[in-house]
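Enquirer: After the structure tokens below, expect a handful of questions from me.
The values are calculated or read from the model by the stated rules, or taken from the named source; none is laboratory data. What you see is a predicted model, and the numbers here were worked out from it, not measured in a lab. Quick reminder, even Gly has a Cβ in these numbers, built from the backbone with ideal geometry, and neighbours come from all protein chains shown.
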Amino acid sequence: MPSEIRTVRHIGAFGISVFALCLSMTSGCKTEEPPPGPPKLVPVSGTITHDGKPLAGAIVQFNPSGLKGNLSIGETDENGKYELSHMNFPGCSPGEYKVAVSLTMTTQGKPVTIAQQSALSPDPSTAGAKEVIPAKYSSLGVTTMTATVPEQGGTFDFDITGPFMDPPVAQPAKAPAAEAPAKPAAEAKMP
């Protein structure tokens, strides 16, 4: 029994010695740059219009076109006004951006909100929803709209011109198939 206790004490002492050695070797290491923190965000807002009239329910997306910046998103109110946020923090990082404006409509004629689009489970009311703004404004791969966000932030207004695509049409609910009436028992034939 005493030899087993000595072995445990020996391993314990050895383990502590190795841990102390590793700790002393890493404590002197320093990096030149501090660890990355949250991005610098500046206020960015604006108004989205369609042929000069406020566009409500549109989603505005600023996607970095260079190495500087972070994806930021906003939603227009009934006056077409939006404010950008990045990961639920208000603002947008300074930098160069491609801008897309999207308006996805449900079959009930209502815009799909950011909350509905980012929900963990699909909202049944958004089934059949469709983008109505042409790709030249709504697709980041096609849009030519850009913005340069300066260090102090800024206001960026965009006017979407021309016709929108047709909104989705609600499909009428199918009536249940009528069942054939059952034959009276008297007519049933017995083998």
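Enquirer: Out of everything in the range 85-107 that is within 14 Å of the chain's Cα centre (by Cα) and part of a loop (DSSP other than H, G, I, E, B), what residue ends up being surrounded by the most Cβ atoms within 10 Å (Cβ to Cβ)?
Expert: Filtering the range 85-107 for residues that are within 14 Å of the chain's Cα centre (by Cα) and part of a loop (DSSP other than H, G, I, E, B), the one surrounded by the most Cβ atoms within 10 Å (Cβ to Cβ) comes out as 87.
Enquirer: Take the residues in the range 109-157 that are farther than 22 Å from residue 84 by Cα and touching a Ser or Thr at 6+ places or on another chain (Cβ under 7 Å), then tell me which one is modelled with the highest pLDDT.
Expert: Going through the qualifying residues, I end up with 130.
Enquirer: Identify, from the list 83, 78, the residue that is within 12 Å of residue 157 (Cα to Cα), at pLDDT 95 or above and of a type outside the set (Val, Ile, Thr).
Expert: 83
Enquirer: Would you confirm whether or not the range 81-89 contains a residue that is touching a helix residue (DSSP H, G or I) at 6+ places or on another chain (Cβ under 6 Å) and either over 18 Å from residue 165 (Cα atoms) or of a type in the set (A, V, I, L, M, F, W, C) (or both)?
Expert: Scanning the range 81-89, I find no residue that is touching a helix residue (DSSP H, G or I) at 6+ places or on another chain (Cβ under 6 Å) and either over 18 Å from residue 165 (Cα atoms) or of a type in the set (A, V, I, L, M, F, W, C) (or both), so the answer is no.
Enquirer: Could you grab me the full set of residues in the range 62-77 that are surrounded by 19 or more Cβ atoms within 10 Å (Cβ to Cβ) and touching a residue at least 40 places away in the same chain (Cβ under 8 Å)?
Expert: 62, 69, 73
Enquirer: Related question: Name the single residue, out of those in the range 133-168 being free of Cβ contacts under 8 Å to residues at least 40 places away in the same chain and within 17 Å of residue 75 (Cα to Cα), that is surrounded by the most Cβ atoms within 10 Å (Cβ to Cβ).
Expert: This residue is 137.
Enquirer: Another one. From (1) under 24 Å from residue 169 (Cα atoms); (2) under 14 Å from the mean Cα position of the chain (by Cα), pick out the condition that doesn't hold for residue 56.
Expert: (2)
Enquirer: Report every pair of residues separated by at least 6 positions or lying on different chains whose Cβ atoms are under 7 Å apart, first residue within the range 78-92 and within 11 Å of residue 53 (Cα to Cα), second surrounded by fewer than 17 Cβ atoms within 10 Å (Cβ to Cβ) and hydrophobic (A, V, I, L, M, F, W, C).
Expert: 78/56; 80/56
Enquirer: Let me ask something else about it. For the range 41-64, give me each residue that is over 26 Å from residue 164 (Cα atoms), touching an Asp or Glu at 6+ places or on another chain (Cβ under 9 Å) and assigned to a loop (DSSP other than H, G, I, E, B).
Expert: Listed by number, the list holds a single entry, 43.
Enquirer: Can you tell me which condition residue 182 does not meet? The list is (1) at pLDDT 95 or above; (2) more than 19 Å from residue 81 (Cβ to Cβ), and all the others hold.
Expert: The failed condition is (1).
Enquirer: When you go through (1) more than 23 Å from residue 130 (Cβ to Cβ); (2) in a strand (DSSP E or B) one by one for residue 82, which number turns out not to apply?
Expert: Every condition holds for residue 82 apart from (1).
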